[in-house]
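First up is the structure itself, then whatever we jot down about it.
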């Protein structure tokens, strides 16, 4: 196993945005963490490098325009990640190769450009090239398509898939869209209020979601064959702040199946076949 997270807890005073999180990423594996904003996904991802310094990781974030240095040319930023000791010509050739592998049509122009001279999709591909320059064992893709249009989103995700298959690196995909993990990840962890509330093989979780939160996330994914004027499903309410998690099951204020027991007791994780769930339903 490349990376194992056991009972991760992150606290800032009285706020505990991540609590008792357990998951793993196998070598060459494709794993996803899914949940709404405020559930602790990104904070969990950012903690990995500190707790696993032996695993070589690279990150791709959701807003490349904010992640890239606006006063440095793209090529210079990639050069900072390359192995030391390369000649200027070797470094330049490596930079152009990385940009070409990331499907940028004019690698030389991109390398000599400032981030503001590139589109959002080009910026994200440049960020992926920079991540690849570090030759990571694990690529953490944290909402890598949020600021992009649908067509560009698909291109970026297909690029990550292809590069992972080519290089053998593992991928941890962080997203709020459960629909994106189908055919893209092998294992999914559904996160709510700082906890993994359901985890299992992607095919099984998508076909038979057991936790009401997972069911709500799936229902909120627009169907391609739905009428244009069809109302979008949503989950009533919002994710509570980390310094005010509800008692019992954190999802009970938004859950259509909540009982008095859900309000009193926090459900422990329990195994159902290959999956794990934190819910009293079906006991």
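Laboratory data are not the source of any read-out in this text; all were calculated from the coordinates shown. Computed from a predicted structure; not experimentally measured. Note: ideal-geometry Cβ built from the backbone for every residue, glycine included; neighbour counts use all protein chains shown.
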message: Show me, bin by bin at 10 Å from 0, the whole-percent P(r) of segment 65-135 based on Cα pairs.
response: 23, 60, 16, 0
More than 16 angstrom apart: percent of Cα pairs within segment 179-256: 56 percent
Potential extension, residue 243-residue 167 segment - 0.36 nm per residue separation minus Cα distance: 23.2 nm
- prompt: Along the Cα-to-Cβ line of residue 4, 7 Å from the Cα, sits a label point; which residues in segment 41-74 have backbone N less than 16 Å from it?
  reply: 51-55
- line: Of all DSSP beta bridges with both partners in the chain, the antiparallel percent, nearest 5, is 50 percent
- prompt: Points 7 angstrom from Cα along the Cβ direction at residue 176 and residue 146: gap in nanometres?
  reply: 0.7 nm
task: Please provide three numbers in whole Å: the alpha-carbon extents of segment 136-273 along the principal axes, with the largest listed first.
output: 50, 42, 32
message: Counting other beta carbons within 10 Å of each residue's own, what order do 84, 41, 56 fall into, fewest first?
response: 84, 56, 41
- request: At 7 Å along the Cα-to-beta-carbon direction for both residue 28 and residue 215, put a label point, then send me their distance in nm to one decimal.
  value: 3.8 nm
statement: Taking a ≥ b ≥ c as the square roots of the eigenvalues of the Cα gyration tensor, with a/c under 1.5 meaning rounded and otherwise prolate when a/b exceeds b/c and oblate if not, segment 150-190 is oblate
- request: Report the residue, chosen from 89, 203, 219, that carries the largest GNM mean-square fluctuation when the chain is represented by alpha-carbon nodes joined by springs under 10 Å.
  value: 89
- request: Within 10 Å of each residue's Cβ, count the other Cβ atoms and sort 88, 103 from fewest upward.
  value: 88, 103
- line: Residue span residue 154 to residue 208: 0.36 nm per residue of separation minus Cα-Cα distance leaves a gain in nm of 16.9 nm
- prompt: Counting pairs of Cα atoms in the chain, how many percent are more than 22 Å apart?
  reply: 60 percent
- prompt: When only Cα pairs under 8 Å and 6 or more residues apart are kept, what is the percent relative contact order across the chain?
  reply: 22 percent
statement: Between the alpha carbon centres of segment 165-194 and segment 72-149 the gap in Å comes to 23 Å
task: For the chain, set up a Gaussian network in which alpha carbons nearer than 10 Å are linked by springs, and say which option among 87, 37, 67 fluctuates the most.
output: 87
- prompt: For the chain, what does -39500 (n - 2.57) per DSSP helix run (n ≥ 4), summed and divided by total residues, give at 222 nm, in deg cm²/dmol to the nearest 500?
  reply: -9000 deg cm²/dmol
- line: The exposure ranking of 104, 48, fewest beta-carbon neighbours within 10 Å first, is 48, 104
message: Averaged across orientations, what area in nm² does the convex hull of the alpha carbons in segment 130-200 project?
response: 5.5 nm²
